[in-house]
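Undergrad: Below you will find the structure I want to go over with you.
The values are calculated or read from the model by the stated rules, or taken from the named source; none is laboratory data. Computed from a prediction, not measured in an experiment: that's the story for all the values here. Neighbour counts run over all protein chains shown; Cβ positions are idealised from the backbone, glycine included. We work out accessible area using only protein heavy atoms, side chains counted, and drop any ligands, DNA or RNA first. Shrake-Rupley method; radii C 1.70, N 1.55, O 1.52, S 1.80 Å.
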Amino acid sequence: MSNPSKPARRPHGSAGAGRTNKKDAARAAALSASSGIVRPGSATERLMNAQPRGARPQGDRGDEGQKFGQTEGADKQPVVSTYVPKPRQPVMTVRLDQIRQVLDEVLTWRFAADSIVSHWFRAHPKLGIRDRSEVAEVVYDVLRHLRRYRQLGESGVGNAVRRLAIQGAIATMGAEKVRPVLDPGELAWLDRINQIEEQSLSLQVRTSLPDWLFERLKDMPELEALTASLNTAAPLDIRVNPMKADRDEMLADLTKGNGVRHAPVSTPYSPWGIRLKGRPAMNKWHQFEHGLIEVQDEGSQLLALLVGPKRGEMVIDFCAGAGGKTLLLGALMRSTGRLYAFDVSATRLAKAKPRFARSGLSNIVPVAIEHENDTRVRRLAGKAQRVLVDAPCSGVGTLRRNPDLKWRQSVQSLQELTALQARILASASRCVAPGGRLVYATCSLLKEENQDQAELFLANHPDFALVDAAPILAARTPLHLEGPYLSLRPDVHGTDGFFAAIFERKKNVVSEAVASTKEQAAEVFVDASDLIDPEVESESQPETQAANKTKDKLVKKPARKRVKAQHVEPPEPDLDFDRKDT
């Protein structure tokens, strides 16, 4: 007996049958397509009978019995579409267009070349590893030889940036791959410039140096050898983590494993360095993921030998940046003492967080400062045994890796940099304890950023004395220098261009600047935790936070009582750093 509260079910053939389920309809369409049956009026039929755009359909549109595209009579056949796919362009044609697009953005000089190239790759995710490698290699070749390529390109026609791309592609991939895709005008232009003798070009053009840089390098010995090395791609230098790995064992591991294709060899001077060929994707290597190796140029590794940190000391890396040198200093300290990583960019320090975590170090304290005279810098007056100042500079020594720097810098920017270097060096010197060591370094080849700065500092700070770097390095490496400075060149030493000077604070002399800074610091109690930027510290590794909390529980209360007892008139302010290191 039917339930009156429920509506009666409609029979299968009723009007409700017209409401078909979407899944059933899709299934039926698929079955029809697979069996070759085309339902009348279906989308498949309309696609098969599609007319070219603008073509008049066959048959009389006025007949109600005929559908669009159908005609009377059995001998009439549907009109097939006349669409013809475009022929596929040669790979080199596409590659030259990609290179031109990247160069159009790079040559505006608004941002660093590596940032622009990375951004362009992210916008084109379908490019493979080989495609990206070829584009990047040509772009950087153009930046290295830009002045020469531009002068040779003036005799051509068409897009000027495309002519730069053509020259770079020929230099890196060979003319036999590039010439077949060029038009007759471009081929005629190439034939003309191939007849030009390179020695007929001026030295500035031949070496592709801007005028401001050529004037500063022209008196250096073996100028053409130097510029030739700066205009070639640099190898990849890595180093082992002394806390976790031995270089010989790592070399054996890389030779048998994922580094065999890149011919790993020991660096000639650094006791931790390994040199690789090519550009391997190291971020996927298990040695990198576990903090056994880090990317660092050999010249940068040698700076740690000049600093010479010891266990239990207080050390400051004044311009820490991404933290490469900080990690090596911390490893040489065997994760003891306290190592402050100062930088004006909290973003850079935050990006160093994964490196700090992989390294296994617990003695690194990242501190973001506003400027070189930040209050947190003044609080460390006369407290640090070692201070490293890897100052911001023109980067002329790194042109092998960053060739766009010579075009993005100028005389005005160089003057601003030298003034900043002098201020940073003077401020960092206040942190050096009597008998402590201050190391000033740049990745530049220019005298005004290097020797001139060292001499100016000594003239203004009589409480410091210059230390010869040659015997310090000779005790640990086979590198022989004339001294008293460290001076590295890519054509001579195979490293980036580096400069370093070592200063030592005299034990019995305290400068007026340090004394006044200490008086200001003694006016209020300062705990070590006050130096730490909360945002940066929250990004630091968990083991560092745990170690600092344990130390605070052990020594915080006794330290505060002793400071308060001396607060009336302290003979020498104790900022409670050394106690926390014990």
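Undergrad: Please go through segment 301-310 and pick out each residue that is under 27 Å from Arg489 (Cα atoms) and open to solvent by 10 Å² or more (accessible area, probe 1.4 Å).
TA: Leu305, Gly308, Pro309
Undergrad: On to the next question. Could you check how many residues of segment 316-344 are over 19 Å from the mean Cα position of the chain (by Cα), of a type in the set (Val, Ile, Thr) and surrounded by 22 or more Cβ atoms within 10 Å (Cβ to Cβ)?
TA: Result for segment 316-344: 1.
Undergrad: Hey, another quick one. Look at segment 133-156 and say how many of its residues are within 21 Å of Leu201 (Cβ to Cβ), in contact with a Gly (Cβ under 8 Å, 6 or more places away or on another chain) and either of a type in the set (A, V, I, L, M, F, W, C) or modelled with pLDDT of 95 or more (or both).
TA: 4
Undergrad: Sticking with this structure for a sec: If I ask for residues that are in contact (Cβ under 8 Å) with a residue 40 or more places away in the chain and assigned to a helix (DSSP H, G or I), which ones from segment 347-364 would you list?
TA: Matches in segment 347-364: Leu349, Ala350, Lys353, Arg355, Phe356, Ala357, Arg358, Ser359.
Undergrad: Scan segment 286-328 residue by residue and report those that are under 24 Å from Ala422 (Cα atoms) and aliphatic (A, V, I, L, M).
TA: Leu302, Leu303, Ala304, Leu305, Leu306, Val307, Met314, Val315, Ile316, Ala320, Ala322
Undergrad: I'm checking my understanding of the structure. Among residues of segment 388-406 that are open to solvent by 30 Å² or more (accessible area, probe 1.4 Å) and part of a loop (DSSP other than H, G, I, E, B), which one is farthest from Val139 (Cα to Cα)?
TA: Once the filter is applied, the top-ranked residue is Pro392.
Undergrad: Consider Ala188 against the criteria (1) more than 17 Å from Leu164 (Cβ to Cβ); (2) aliphatic (A, V, I, L, M); (3) in contact (Cβ under 8 Å) with a residue 12 or more places away in the chain: it satisfies all of them except one. Which criterion is unmet?
TA: With respect to (1) more than 17 Å from Leu164 (Cβ to Cβ); (2) aliphatic (A, V, I, L, M); (3) in contact (Cβ under 8 Å) with a residue 12 or more places away in the chain, Ala188 is out only on (3).
Undergrad: Given Gln409, Gln385, which one is open to solvent by 40 Å² or more (accessible area, probe 1.4 Å), at negative phi and among the polar types (S, T, N, Q)?
TA: Gln385
Undergrad: Select from segment 207-243 the residues that are free of Cβ contacts under 8 Å to residues at least 24 places away in the same chain and surrounded by 15 or more Cβ atoms within 10 Å (Cβ to Cβ) and write down the one among them that is nearest to Asp253 (Cα to Cα).
TA: The extreme case among them is Thr227.
Undergrad: Would you check which residues across segment 430-445 are open to solvent by 10 Å² or more (accessible area, probe 1.4 Å), closer than 17 Å to Arg378 by Cβ and assigned to a strand (DSSP E or B) and list them?
TA: Ala433
Undergrad: Would you mind stating whether Glu313 is charged (D, E, K, R), modelled with pLDDT of 95 or more and either out of contact with any Pro (no Cβ under 7 Å at 6 or more places or on another chain) or surrounded by fewer than 22 Cβ atoms within 10 Å (Cβ to Cβ) (or both)?
TA: When the stated conditions are applied, Glu313 passes them.
Undergrad: Of Gln301, Gln287, which residue is part of a helix (DSSP H, G or I), modelled with pLDDT of 95 or more, within 30 Å of Met333 (Cβ to Cβ) and in contact with a helix residue (DSSP H, G or I) (Cβ under 8 Å, 6 or more places away or on another chain)?
TA: Answer to the selection: Gln301.
Undergrad: Has segment 162-179 got at least one residue that is outside any helix (DSSP H, G or I), free of Cβ contacts under 8 Å to residues at least 40 places away in the same chain, surrounded by fewer than 12 Cβ atoms within 10 Å (Cβ to Cβ) and of a type in the set (D, E, K, R)?
TA: No, segment 162-179 contains no residue that is outside any helix (DSSP H, G or I), free of Cβ contacts under 8 Å to residues at least 40 places away in the same chain, surrounded by fewer than 12 Cβ atoms within 10 Å (Cβ to Cβ) and of a type in the set (D, E, K, R).
Undergrad: Hey, could you check segment 244-263 for residues that are open to solvent by less than 20 Å² (accessible area, probe 1.4 Å) and assigned to a helix (DSSP H, G or I) and say which is farthest from Gly330 (Cα to Cα)?
TA: Per the stated criteria, the residue is Leu254.
Undergrad: Failed condition for Ala234, given (1) under 17 Å from His145 (Cα atoms); (2) in contact with a strand residue (DSSP E or B) (Cβ under 6 Å, 6 or more places away or on another chain), with all others met?
TA: The one condition Ala234 does not meet is (2).
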